[in-house]
Structure formats: structure tokens, C-alpha cells
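To start, the structure itself, in C-alpha cells.
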Amino acid sequence: MNLLLILIVSLLSCAAQLCQKQAAHAGARYGRARLAVWLMLSLLLLGIAMLLWLAVLQRVPVSMAYPMLSLNFVLVALAARLIWRETYSWRQWFGTLVIVAGVALMGSHL
């Protein structure tokens with residue numbers, strides 16, 4: 001259950017980051033109305049993530065839970081690759097694999 005909550009927080013945080021990226025694109029192309037919609041959605045997702053994060057912190061030591069949020073780096077990078085076709089160097093992919101390995105190592109103790 002703890003790992004599931006952490007994963008949900010990471011997914012919500014990732015979605016919020018993607019909304020912020022969309023806001024940057026929408027604001028430049030379509031103006032303030034679209035910018036505001038994407039930013040409000042981002043804030044909503046971050047708010048929900050924060051409430052779930054509080055539930056995580058009631059159950060899991062922060063020294064274990066916080067490093068698990070490194071998964072956000074991986075999720076955002078993969079989503080940016082899929083959605084906006086961003087390119088990545090071999091160093092970025094290697095760094096991503098190191099993060100995944102660290103999260104897996106820590107997750108095995110939850």
C-alpha cells in the first residue's frame with residue numbers, strides 16, 4: 001500500500017509538471033486563457049499529490065519516502081520523449097537507469 005501511494009504521488013506530480021510544460025506552450029501560442037487552464041490543472045494535481053504525500057509521511061519514514069520521488073525524473077523524461085519527441089543523449093538514458101535502479105533498491109525495503 002505504501003509503495004502504491006508513493007507511485008500515485010509520483011504520477012500526479014509528473015502530470016502536474018507536464019501541465020506546466022503545456023502551459024508554457026499554450027501561453028505562447030494561444031494566450032492567457034489556455035495558460036490559466038493548464039496552470040490551474042497543474043495546481044489541482046499538485047494539491048492532490050500533496051494530500052496523498054501527507055498520508056505517505058504518516059506511514060513511511062521520510063528518509064525512505066523522499067528518495068522514492070526520484071521516480072518523477074524518470075516519468076517526466078519518458079513522457080517528454082513520448083509527447084514532445086524530446087531527444088536524449090546516452091548519458092541522460094544512463095542517468096535514468098541509475099535512478100530506476102536506486103528506486104528499485106529502496107522500494108524493496110518498503
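Say whether the condition of being among the hydrophobic types (A, V, I, L, M, F, W, C) and open to solvent by less than 40 Å² (accessible area, probe 1.4 Å) is met by at least one residue in region 20-34.
Within region 20-34 (the criterion being among the hydrophobic types (A, V, I, L, M, F, W, C) and open to solvent by less than 40 Å² (accessible area, probe 1.4 Å)), the answer is yes, since at least one residue qualifies.
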*Provide a single number: the residues in region 88-110 that are within 10 Å of VAL74 (Cβ to Cβ) and not hydrophobic (A, V, I, L, M, F, W, C).*
2
*asked:* If VAL9 meets every condition in (1) under 15 Å from the mean Cα position of the chain (by Cα); (2) exposed (fewer than 14 other Cβ atoms within 10 Å of the Cβ) apart from one, which number is that one?
replied: (2)
*Selection count, region 43-69, where residues are out of contact with any helix residue (DSSP H, G or I) (no Cβ under 7 Å at 6 or more places or on another chain), surrounded by 14 or more Cβ atoms within 10 Å (Cβ to Cβ) and closer than 13 Å to SER10 by Cα*: 1
*Those residues that are surrounded by 14 or more Cβ atoms within 10 Å (Cβ to Cβ) and in contact (Cβ under 8 Å) with a residue 60 or more places away in the chain, I need them from region 81-109; list them, please.*
GLY107
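The values are calculated or read from the model by the stated rules, or taken from the named source; none is laboratory data. All values derive from a computational prediction rather than experimental measurement. Note: ideal-geometry Cβ built from the backbone for every residue, glycine included; neighbour counts use all protein chains shown. Accessible surface areas use protein heavy atoms only, side chains included; no ligands, DNA or RNA. Shrake-Rupley method; radii C 1.70, N 1.55, O 1.52, S 1.80 Å.
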